[in-house]
Amino acid sequence: MAANNGFTDLSSIKPFKTAWKIKVKIIHTWKQYNTYTRETIEAILADVSGTLTHATIKKQQLTKFQRLIVHGEWRTIENLQLIRSAGKFRATKHPYKMSIMNSSIISKCPPLSNDFYLDVATFEDILDEDVLNEHILIDVLGQVVNVGEIKTSSQNDKPKKRLEVELRDTSDQRLSCTLWGKFADTMWDACQKLAAGSVVYLLRCAKINTYNGERSVSNAFDMSLLEINLDHPIVGDFIAEYITFLAKQSTERILKKEKDEYINQYPMSTISDLFEATLEGKMLIVCTIYHIDMEFGWYFFMCLKCKQTCYLIPKKENEPVSKTKKRVWYCKTCNQDVNKAVPMYILCLDVMDTTGETKFILFDTNAQKIVNHSITELLEGNFQETFKFLATIATANITEGKESYKVSYVEMGDAITNVDDIEDSEIQPDPKDAISIYQVLN
C-alpha cells in the first residue's frame, strides 16, 4: 500500500475501511440532480501521481463541505466511503467511487502541482471498439475542421440544441462529435468568432457512442467540461505536432511529384524493346511475374562503409561457439575485414509480356514488395501478378547479349516503392554468398 506521511495514493484505496487520508486536487466539479439523492456535487479528484477518482457530496453534506470544493485547489480528505464504480457514465477508470460522509474531514493544503491531470485518449483508440470501454468517460483533444448547423433534437424526451462537429488529430485522423445544450452554444460561438480551423477543443469527461458500427463522442450531460483553445502545454504540443505533420505531408507530396516526373520521362516499352536496345538507358515495362529463379539467393551482405557487397567469413572448423565474438565479413572494395554489414534483399524474377520473356533483378525495397507472398507461393510459383518495372539497360545487355536487367522501380496497384540507390550502383552480389530459400527451410 503506497502511503506517505499517513497519506495514501488513490490507486491504493479500497472499500474495506473508511479511515483513509488522501491529498488531492479538484480537477472538475458539477452539480447533479436525480430522484433518489436529489442535488449532489460531483467532483473528479487527482493525486500527485495522476490517478483520478470520482467523488460525491450528497445533499446532507452540502452545507458543511460545498465551500471547500473549489475547482483547481488542493485538499486533504480524511474518512471516506468507497463503493464499486458502475453504470454507463463512469467518470474515471478508478474501480471505486468515493462518497463524502458526515464524519469526513476536508481541509485546505498547499498545492503540490499545477498539472491539469488530463487523460487524453487517442482517436485511434476511440475508434477501435476493442480498446476503450464505452461506459468510462474520456478526455478528447482535437482541432475542429467542420461545423454543422445548430438543430433542436430530443434528449431524454426534452427538446435540446444539438451541434455536430468534426475533429482531427495531429495525424489528420477524423472523429465525429455531438454537443448538446450549452456545450453546443459554446462551440458555435467560438467557431463563429475564430473560424473552425482555429479552434482546438478539449472535452473532459466525453462519452463514447457507437451507432451502426461507427464510433463518435459527445458531452455526457453536465458531467463534461468543454475548453476552447486552452492555455496549456498539451495544446501547444498538439499544434506543434500538427504543424510538423503538415510539413511532412507537404514534403512527401513534393517528393512524389518529383519522383513521378522522373519515372514518367521514360517511354512505355516491351520486353522485345529491351532486347533491341542499342543504347544504355531505362525503359518502363508492364509485365507479369510467372516464376522466381531459385538458382539465385535471397539476400546478400552490404558493407556499411562503402555500400558494396561483402562476404561473410565462415567459422573455423571445430571452433567453440562464443556469444561475445562478433561476425566478420570481408569487403573486396575496402580490401579488409569489416564487422558492420547489413543483409539486403535480392530477387531474380522470370517475367513475360506478349512480346517475350526475360529476367529482372530486384534489390532490397523493391524486392520486399514482391516477397509479400507465402513461402509456398514463392517456391511453387503459384502466383502471376502484373507490375510496372523501370528496367535498366546496361552495357552488358547491349554488347554481351545479357538477358537479365536490374530494376530500380516497381509499382503495384496503389503501392509505389522508392527508387533504391543500390539499383544504379555497381554492386554485383555473388549468388554463392547469398542465402537461398532452401537453406532457410533446411
Where labels lie 7 Å past Cα in the beta-carbon direction, separation of THR355 and ASP172 in nm: 3.9 nm
Table column - 3J(HN,Hα) (Hz), the stretch 119-128, Karplus curve with 6.51, -1.76, 1.60, x for Gly and Pro: 10, 6, 8, 6, 4, 4, 5, 5, 6, 8
Residue-wise HN-Hα coupling along the stretch 149-154, computed from phi with Karplus coefficients 6.51, -1.76, 1.60 (Hz; x: Gly, Pro): 9, 5, 10, 10, 10, 8
Computed lengthening from THR244 to VAL286, 0.36 nm per intervening residue step minus Cα-Cα distance: 11.4 nm
Per-peptide average of other Cβ atoms within 10 Å, ordering 81-93, 343-355, 248-260 highest first: 343-355, 81-93, 248-260
Ranked VAL144, VAL131, criterion: other C-beta atoms within 10 Å, fewest first: VAL131, VAL144
Amide hydrogen neighbours beyond the local backbone of THR170, cut-off 5 Å, H modeled: none
Rounded, prolate or oblate (a/c below 1.5 giving rounded, otherwise prolate when a/b exceeds b/c) for the stretch 3-108 by Cα gyration tensor: rounded
Counted charge near VAL48, where neighbours are those whose Cβ lies closer than 11 Å (Asp, Glu -1; Lys, Arg +1): -1
Links that overshoot a 23 Å alpha carbon limit, given the list LYS207/LYS248; LYS23/LYS97; LYS259/LYS406; LYS248/LYS340; LYS248/LYS307; LYS58/LYS161: LYS207/LYS248; LYS248/LYS340; LYS248/LYS307; LYS58/LYS161
Simple label model, 7 Å out from Cα along Cβ direction - GLN192 to GLU400, nm: 7.8 nm
Cβ-defined net charge surrounding LYS207, 9 Å radius [Lys, Arg +1; Asp, Glu -1]: 0
Under 5 Å, built H, 5+ apart or other chain: amide partners of HIS291: ASP350
Rounded, prolate or oblate (a/c below 1.5 giving rounded, otherwise prolate when a/b exceeds b/c) for the stretch 213-367 by Cα gyration tensor: oblate
Euclidean distance between Cα centres, the stretch 207-266 to the stretch 57-116, Å: 36 Å
Distance (nanometres) between label positions extended 7 Å along Cα→Cβ at CYS306 and THR63: 9.3 nm
FRET efficiency, SER113 to ASN335 (Cβ-Cβ, R0 60 Å, nearest 0.05): 0.45
Integer Hz, Karplus 6.51/-1.76/1.60 couplings in order for the stretch 11-24, x for Gly and Pro: 5, 9, 6, 9, x, 6, 8, 10, 7, 8, 9, 10, 10, 9
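Here, each number is a calculation from the coordinates, and none is a lab measurement. In this text the structure is predicted, and so the values were computed from the model without any measurement. A quick note on method: Cβ atoms are made from the backbone with ideal geometry, for glycine too, and the neighbour counts reach across all protein chains shown.
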